[in-house]
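Taking it in order: structure first as structure tokens, then the write-up.
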Amino acid sequence: MTAYALLLVILALISGSALYFFLGRLSRFPCRTIRDVPAFLQPVDSAGMLQLLNSETEEFLQSAMTGVAWRLEQRKSLHFMREHLLRMSHNAHILLEWSNAELKRQIVGQSEEDGECYRDCARQLHVAAVEFRLFAILSLIKINLWLVFRTQAWLPFSPPSLAELNHLGSFRFFELYSNLTRAVSELGRHYGTEFRDELLRAWAVAA
């Protein structure tokens with residue numbers, strides 16, 4: 001490929017990306033208030049994910065299965081993890097939009113102390129949503145690579161350990177998820193327990 005052709009490809013990619021983000025900006029949700037949050041949250045089986053990420057459970061299953069059966073089981077587990085991480089990432093995006101809207105909202109009828117507490121809660125939710133979404137995106141990349149290269153019996157790579165998804169660097173999965181849940185609860189309580197409980201129920205798997 002000549003330098004001129006390469007330059008055309010790079011310009012086309014940049015133009016396509018710019019168009020994509022421009023169209024996304026035009027079609028984005030106008031202003032995510034608390035009333036617009038529950039209907040857009042997706043249920044997540046956090047208990048099921050906790051079980052899959054348990055290293056002791058993983059070791060027991062691996063010892064009870066043949067190599068091929070274990071790889072197939074890992075593929076199923078990785079698909080489960082990917083599905084629920086996609087939902088969690090989506091939820092974090094919705095909550096991030098809500099926190100941004102709350103930070104821009106004019107606070108009426110509250111004392112200065114209550115207003116500052118409210119803004120602190122919105123900022124905490126913003127940080128928690130950003131951190132968790134970043135963790136989820138990086139984990140999804142890792143899962144997709146594992147599905148391609150680490151669960152194929154004909155490739156010379158060992159099966160992955162799902163317990164490794166518990167952390168990425170200094171990020172800890174359930175610590176970040178707990179921070180996000182707590183931040184939602186803290187900000188939601190400013191609207192009353194009914195709204196707060198509705199928010200928390202919206203992403204919980206029905207018993």
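Every number in this text was worked out from the coordinates using simple rules, so none of it is lab data. Since the model is a prediction, treat every value here as computed from it, not as a measurement. Glycine gets a Cβ as well: all are built from the backbone with ideal geometry, and neighbour counts include every protein chain shown.
Brief remarks on what is shown
- Close amide-amide hydrogen proximity is noted between residue 32 and 101, each under 5 Å apart and 5 or more residues distant or on a separate chain (H modeled in the peptide plane; Pro and chain starts excluded).
- Our summary gives the chain a relative contact order of 29 percent, counting only alpha carbon pairs under 8 angstrom and 6 or more residues apart.
- ³J(HN,Hα), Karplus 6.51/-1.76/1.60, whole Hz, each residue of region 5-10, x for Gly, Pro: 5, 4, 4, 5, 5, 5
- Taking packing as the residue-averaged number of other Cβ atoms within 10 angstrom, the listed peptides 75-88, 57-70 run from highest to lowest as 75-88, 57-70.
- Peptides 164-170, 96-102 ranked from most to least packed give 96-102, 164-170, packing being the mean of other C-beta atoms within 10 angstrom over each peptide's residues.
- Calculated P(r) tail over 29 Å for region 33-202, as whole % of Cα pairs: 31 percent
- For region 23-87 and region 135-207, distance of Cα centres in Å: 7 Å
- For residue 204, the residues 5 or more places off, or on other chains, whose built amide H falls under 5 Å of its own are 44.
- With a Förster radius of 35 Å applied to the beta-carbon distance between residue 36 and residue 152, the computed FRET efficiency rounds to 0.25.
- Figure legend: label point modelled 7 angstrom from the Cα of residue 172 along Cα→Cβ; residues of region 136-153 with amide N under 18 Å from it are 136.
- In this simple spin-label model, placing a label point 7 Å from the Cα along the Cα-to-Cβ direction at both residue 45 and residue 204 gives a separation of 1.8 nm.
- Taking 0.36 nm per residue of separation and subtracting the current Cα-Cα distance, fully stretching the chain between residue 127 and residue 62 would add 19.7 nm.
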